[in-house]
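The values are calculated or read from the model by the stated rules, or taken from the named source; none is laboratory data. What you are looking at is a predicted structure, and each value in this text was computed from that prediction instead of being measured. In this analysis, Cβ positions are derived from the backbone assuming ideal geometry, glycine residues included, and neighbour counts consider all displayed protein chains. Heavy atoms of the whole protein, side chains included, go into the accessibility calculation; ligands, DNA and RNA do not. Shrake-Rupley method; radii C 1.70, N 1.55, O 1.52, S 1.80 Å.
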Amino acid sequence: MRYFLTILTLCFAMLGTSFADTVTDLRPVINEAAAANGVDPVLVEAIIRYESAHATSHAAVKKNNLAGIMGRRGQRRYESKEDCVRDLARILGEYKAKGRVTVAQIGRIYCTSGDPWARSVSANMNSIRNGKWGALEANEQSDKKEG
């Protein structure tokens, strides 16, 4: 099975075909929600990529919960992935209003693992800015320069 998947992957690579990336496809919504809440869209995307295993986790698929956002009865369920993106940006905006702006500060209240979470999210932010999942839009790059 492993060899079959390797061969299949190579065939797609030779054809120049790539698999769609759900998170990258959500960038317009990420940018809109981040701007509305005064937060970095790269941070929003990095959290989504980490918390949902790039939108492939059970919660992402079954509950549209891309960010591991918890409710009273466990992980929250969203009508759409876009609703989850907006909720994450809202939560991050609330953190920012309380002075929690660094990834480490956010990690201390966002999740129980704290430092490992912050390191992983920071690594994702670097990967996003370096174009691992495609080039950022011009407005995202200008946000990077200003922020």
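For this structure, a couple of remarks:
- Scanning the range 104-122 for residues that are open to solvent by 50 Å² or more (accessible area, probe 1.4 Å) and touching a residue at least 12 places away in the same chain (Cβ under 8 Å) yields a total of 1.
- Check on Ser127, at pLDDT 95 or above, open to solvent by less than 80 Å² (accessible area, probe 1.4 Å) and not β-branched (Val, Ile, Thr): yes
- Just one of the listed residues (Ala33, Ala59, Ala46) is small (Gly, Ala, Ser) and within 11 Å of the chain's Cα centre (by Cα), and it is Ala46.
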